[in-house]
Amino acid sequence: MALKALMLRKKIDLKNKELEAARAKMQDIEKREAEIAAAIEEVATEDEQAAVQESVEAITQEKVTAQAAVDSLGETIRGLEAELATVESEQDTTPPEEQKDPVPAEKEERGATRMINMNRRDRLAELVIREDVKAVLAEVRSAIKEKRAVNNANLTIPVVMLDLIRYEIAQSSKLLKFVRLRNIGGTGRQNIMGEIPEAVWTEATGAINELDIGFNQIEVDGFKVSGYFAVPNSIIEDSDVDLAEELIVALGGAIAKALDKAILFGTGVKMPMGIVTRLAQTAQPANWGTNDRAWTDLHETNMLKISAASESGAKFFQRLVEKLGVAKPL
């Protein structure tokens, strides 16, 4: 079991290196995008326009491919980390006579939570010996003690530290795993797949039926979720591991809460539009994109009520299952 955990840690380390390289490639693409944008302003002839158009199409495709690679690597890393947590939680050190009795579910859950916390501290212990992480923590300590602001030049957070914050967000969030997450930088347009149609059963050697999968486009602005918090002197003066853990857990948990709230109740103004907000709309909002999917009124078909006074017992659950039938898995 220990060897399996060791192999998983090695895989995670290699995937993190691949992720750093993929993100570096994305940064290079964004720089080239800016150069192409400047070239568009200087276009004077049709030949130049054709050349720029070709560059735009090439860089767009390259960016889509690079973003897909980043997303895929991130998902792979999260899966490996979850597998590692499971493997390490199964390392049972109790005496043989105690293993005969089944462990209550609550104790298993607490044990898994403690194991996750131990894994995080182990990763932090390896992390804080890096010079770039040491520099960040030293700058944070100095800024807090001197009560001064920290500018971007003095606080460039290493990628490995950001990955731990992302992992903490994924662990703390209750809803993030149920939505399709796409990360973009600044204002942008994102192509999204519409409703997925049902595939068609046919003979094994029969012709393949064409499916109608539509794509729409939504525009998102460059907003952020943010905040700051006080750090006790006892933590500031403690070890680098304790300080890093305090920062990562607090930041990851705070961001996860904001994301969960936005997924359900986001207003669509300076934040994503939430599920409940969309279902409750009775008219198309003014900020509905021109390239977005056609707006439809869902508040009567998808927000249904069951009268607890008239329905009780088995009838209540029969009505509940009937009402839940309007929800689609994809």
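The values are calculated or read from the model by the stated rules, or taken from the named source; none is laboratory data. The structure displayed is predicted, hence computed values, not measured ones. Here the Cβ positions follow ideal geometry from the backbone for every residue, glycine too, while neighbour counts run over all protein chains shown. The area values use the complete protein model at the heavy-atom level, side chains included, leaving out ligands, DNA and RNA. Shrake-Rupley method; radii C 1.70, N 1.55, O 1.52, S 1.80 Å.
General remarks:
- Our note on the geometry: Cα centres of region 257-273 and region 309-330, 27 Å apart.
- Between residue 273 and 268, the built amide H atoms are under 5 Å apart, and every one of these is 5 or more places off in sequence or on another chain.
- Heavy-atom accessible area, probed at 1.4 angstrom with all protein chains present, ranks 240, 28 as 28, 240, highest first.
- Span from the region 205-230 Cα centroid across to the region 51-67 one, whole angstrom: 19
- When the solvent-accessible area of region 1-79 is split by element, carbon and sulfur atoms take up 55 percent of it, the probe being 1.4 Å.
- Here the extension length gained between residue 199 and residue 235 equals 7.3 nm, from 0.36 nm per residue of separation less the Cα-Cα distance.
- Accessible surface of region 207-330, 1.4 Å probe, proportion on carbon and sulfur as whole %: 59
- Packing-based ranking, highest mean first, of 157-164, 298-305 given that Cβ atoms within 10 Å are counted: 157-164, 298-305
- Accessible surface, per residue, of region 235-327 when the full set of protein chains is kept, probe 1.4 Å, Å²: 65
- Cβ-based net charge around residue 162, under 11 Å, with every Lys or Arg adding one and every Asp or Glu removing one: -1
- Among 229, 316, 178, 265, the order of accessible area from largest down is 178, 265, 229, 316, computed with a 1.4 Å probe on protein heavy atoms.
- Put a plus charge on the Cβ of each Lys and Arg, a minus charge on the Cβ of each Asp and Glu, and nothing anywhere else: the dipole of region 225-330 about its Cα centre is then about 960 debye.
- With a 1.4 Å probe rolled over the protein heavy atoms of all chains, the accessible area of 29, 36 falls in the order 36, 29, largest first.
- Accessible solvent surface per residue of region 1-80, calculated while the other protein chains remain in place, 1.4 angstrom probe, Å²: 69
- Gyration tensor verdict on region 7-53 (Cα atoms; rounded if a/c is under 1.5, prolate if a/b is larger than b/c, oblate otherwise): prolate
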